[in-house]
Structure formats: structure tokens, C-alpha cells
Amino acid sequence: MPERTCLNLDRFSASFRSGAVGLLLYILLSLTAAMAQAQSVTLKLVATDYPPYLYAEDGEAKGLEAEIIREVFERRLGVAVNFEFYPWRRAQQMIESGAADLFVAAATPERREFAEVGRVPLGYWSYSVVVNGTAAPAELFYQHDIKSLKAFRLIALGGSSWVEEYLPMLEFEWANSVEQMFKMLLHGRVDAIVGGSAVLRQYLVAHPAQQIVELPLAGPPVPLYLQFSEKSKHKALLGKAEAELVAL
């Protein structure tokens, strides 16, 4: 009897070891499959040229936002990101229709209707008014009251929901690019541009024009967030991405 008990224990021990090895192999295979699945995902991120934040140069996405997005999604989550650049209004339409997965933008009620908005800011924007000092004295614009701009012809980037949401008292023409806004300003077709301060300054550095004057708008900086299309099958990645943003 004692020998039979010992034999049964040996069999149990061998069976246990075999089961443990099998369980370990199952876990490893599951993790490998999960990693392979993550690496097979490619997100489509849409944007417009907003140097120095995010812009296309020599066929590659560059800028601070591009580096943060690559760090979060590609290096930390193992998810590839394909950057595509369009006029801003069209980019937002692609998010709304589900033709693209995500973009980076200010959170507005309009965007919350078709996008799942993150809670961790990717960055902040301040806004400025840029005027042609040869067409009208800059002092006319700088009256510490945004309503004073009602008397002038204004232009902003088409699809700028922040402008539409927070400056409803003003009328705007809409441009497809930053370059188009400056061309219209310099040709006297508009009196002033309203847009992101860093974006407008970056353009002026690359295209100096002595007659151009920047007047910062009063108010707190506007936070920018990752936003996934409600129709994206990858929108569950938003929570994981934000956890990595916090860890940066």
C-alpha cells in the first residue's frame, strides 16, 4: 500500500508539472497573439498643416504632436499610426463619417457629437489676431475687447470649431490653409486673421513681413485632446493612450 501511494503521488506530480507547462505555454501564446494583433492595427490620424505642432514635410509627419503620438501609440502600445493631411474641415468630416480613426483638437460640443474626447491634454493653444499694419493702424484692433473686431473683415481656418463656438459675435471668411489666410491678408482682401498664436508666428518666421503685427487675444490657453471617431473600431485604445500620456 505505501508503495502504491508513492506511485500515485509521482503520477500526480508529473501530471501537475505537465499541466503547469501547458498553462505557461498557453499564456505565452496568448500574449504573443495579443501583441501580434496590436502590431497589425494601423490607425488613421487626420490633420491639417499646423506647424510647429503637426505638419507634413518631405512626406513625413513632423512636429511636437507627431512625436508624442508616435511615442504613445507606436513605441508604447505597439500600434502603428498613419498620418494623413487634409483641409481641416474635411479632416473633421472624415472623423464624423468614420473614414478616419482619430485627430487632435480642442473639445467643443459639436465635436463631442461624433468623437470620443480624451481627458488628458496633449497640449495647449493660445490665440492671436494678426493684422496688416499698412492697411490699418494696429491700435485700432487692440482695444482689449473682442467685440471691437466686428468692424473688420476677418478670416480663420475653415473648420475651426473653437472660433465658431467662442466667437459667435464675429463674422468670418474661411480659408483652407494658413498660407491662404496670409495671402488674403497681404493682398488686402481681409483686415485680420484669427488663429493659433504659435501657428501664426511659425508662418511669419518662415515668411517675414514687416508690416504684419500680432496682437494676442486675452483668455486662458485652450487644451487639445486626442479624439477618436465614435465609428472607429479602435476607439477603445483611447483609455490606454491616455494612461501612457500621463506616464510621459
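Among the residues of the stretch 27-44, are any crowded, with 16+ Cβ neighbours inside 10 Å, closer than 23 Å to ALA156 by Cα and at pLDDT 95 or above? No, the stretch 27-44 contains no residue that is crowded, with 16+ Cβ neighbours inside 10 Å, closer than 23 Å to ALA156 by Cα and at pLDDT 95 or above.
Do we have GLU84 as assigned to a helix (DSSP H, G or I) and touching a residue at least 24 places away in the same chain (Cβ under 8 Å) here? Taking the combined requirement at face value, the residue does not satisfy it.
Per-residue answers, yes or no, for (1) surrounded by 18 or more Cβ atoms within 10 Å (Cβ to Cβ); (2) closer than 26 Å to ARG70 by Cβ; (3) over 16 Å from the mean Cα position of the chain (by Cα):
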{"site": "VAL178", "(1), (2), (3)": "yes, yes, yes"}
{"site": "VAL194", "(1), (2), (3)": "yes, no, yes"}
{"site": "LYS231", "(1), (2), (3)": "no, yes, yes"}
{"site": "LYS235", "(1), (2), (3)": "no, yes, no"}
{"site": "ALA247", "(1), (2), (3)": "no, yes, yes"}
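Scanning the stretch 144-159 turns up at least one residue that is within 16 Å of the chain's Cα centre (by Cα), part of a loop (DSSP other than H, G, I, E, B) and at positive phi.
A quick yes/no check of all residues on (1) in contact with an Asp or Glu (Cβ under 7 Å, 6 or more places away or on another chain); (2) outside the structural domain of LEU154 (by TED's automatic domain parsing); (3) buried (at least 16 other Cβ atoms within 10 Å of the Cβ); (4) not in a strand (DSSP E or B):
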{"site": "ALA56", "(1), (2), (3), (4)": "yes, yes, yes, no"}
{"site": "GLU65", "(1), (2), (3), (4)": "no, yes, yes, yes"}
{"site": "VAL72", "(1), (2), (3), (4)": "yes, yes, yes, yes"}
{"site": "ARG119", "(1), (2), (3), (4)": "yes, yes, no, yes"}
{"site": "VAL131", "(1), (2), (3), (4)": "yes, no, yes, no"}
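Could you list, in sequence order, the residues of the stretch 110-133 that are β-branched (Val, Ile, Thr) and touching a helix residue (DSSP H, G or I) at 6+ places or on another chain (Cβ under 6 Å)? Within the stretch 110-133, VAL120, VAL130, VAL131 qualify. The single condition among (1) surrounded by fewer than 15 Cβ atoms within 10 Å (Cβ to Cβ); (2) closer than 27 Å to LEU154 by Cα; (3) among the polar types (S, T, N, Q) that SER97 does not meet is (2).
When residues in the stretch 169-198 are screened for being of a type outside the set (S, T, N, Q) and either under 15 Å from PRO51 (Cα atoms) or assigned by TED's automatic domain parsing to the domain that holds ARG90 (or both), 7 of them pass.
Condition check for GLN93 on (1) in contact with a Gly (Cβ under 9 Å, 6 or more places away or on another chain); (2) at pLDDT below 95: one failure, at (2). Out of GLY78, GLY59, GLY98, one residue alone is free of Cβ contacts under 8 Å to residues at least 12 places away in the same chain and at positive phi. It is GLY59. None of ARG201, ARG153, ARG111 is closer than 28 Å to VAL72 by Cα and outside the structural domain of ALA66 (by TED's automatic domain parsing) except ARG201.
The values are calculated or read from the model by the stated rules, or taken from the named source; none is laboratory data. All values derive from a computational prediction rather than experimental measurement. Cβ sites come from the backbone with ideal geometry, for glycine too, and all protein chains shown count toward neighbours.
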